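Here, each number is a calculation from the coordinates, and none is a lab measurement. Note that the structure is predicted; figures quoted are calculated from it, not measured. In this analysis, Cβ positions are derived from the backbone assuming ideal geometry, glycine residues included, and neighbour counts consider all displayed protein chains.
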Amino acid sequence: MAIIRIYTGPDGTSHFQDIEPRLEPRGDQSEAAELIPGSGIVVRRFEPKRTNPWHHAPGRYAVFTLSGAVDIEIGDGTVRRLGPGDILIAEDLTGQGHGTREVGPEPRVSVFVPLGAPR
């Protein structure tokens with residue numbers, strides 16, 4: 001996964017910077033790194049075959065799946081598979097929550113972008 005920053009340098013011209021996020025283990029078969037310090041935007045890598053039983057979203061997030069796949073189950077038993085290019089808006093902060101199960105042979109990599117309060 002390439003993360004490339006473009007910025008204006010002191011010379012007044014544009015420059016590229018390759019960013020290598022430092023993924024830190026979370027203790028739950030996943031790793032995470034804040035993409036831009038202080039932004040709350042997080043890159044997460046989930047081990048293949050990881051499961052996370054019923055839980056709530058940790059906040060309102062847009063979750064962009066870059067690679068891998070995950071099955072998400074909701075309260076009525078419906079399961080949806082999200083893969084590369086899919087975007088989940090996670091807002092189930094109360095109630096039963098949802099369950100997740102990574103699927104496929106490769107890790108899932110997703111970017112979590114915090115959303116403001118609903119309008």
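Over all other residues within a Cβ to Cβ distance under 14 Å of I41, the charged ones net out to +2, with Lys and Arg as +1 and Asp and Glu as -1.
Which whole-number percent gives the relative contact order of the range 3-43, counting Cα pairs below 8 Å spaced six or more residues apart? Value for the range 3-43: 25 percent. Along the range 102-119 the Karplus relation, 6.51 cos²θ - 1.76 cosθ + 1.60 evaluated at θ = phi - 60°, assigns HN-Hα couplings of 5, 10, x, x, 10, x, 8, 10, 9, 10, 9, 10, x, 10, x, 5, x, 7 Hz to successive residues, with x for each Gly and Pro. Between I19, I89, I41, where does the largest GNM mean-square fluctuation fall for the chain, given springs only between Cα atoms within less than 10 Å? It is I19.
Estimated at 0.36 nm per residue, the fully extended path between D92 and L66 surpasses their Cα-Cα distance by 7.2 nm.
Based on the mean of other beta carbon atoms within 10 Å per residue, what is the order of 71-81, 27-37, 2-12, most packed first?
27-37, 71-81, 2-12
Dimensions of the chain based on its C-alpha atoms, expressed as ranges along the principal axes with the largest first, amount to 58, 39, 26 Å. Segment Q17..A2, full-extension length gain: 4.3 nm, with 0.36 nm per residue of separation and the alpha-carbon distance subtracted.
For the range 28-34, the Karplus equation 6.51 cos²θ - 1.76 cosθ + 1.60, evaluated at θ = phi - 60°, returns couplings of 10, 6, 8, 10, 8, 8, 6 Hz by residue, with Gly and Pro reported as x.
Taking every C-alpha pair closer than 8 Å and separated by at least 6 residues, the mean separation divided by the residue count of the range 1-91 gives a relative contact order of 17 percent.
Its Kirkwood hydrodynamic radius, worked out from the mean inverse distance over all distinct Cα pairs, puts the range 75-119 at 13.1 Å.
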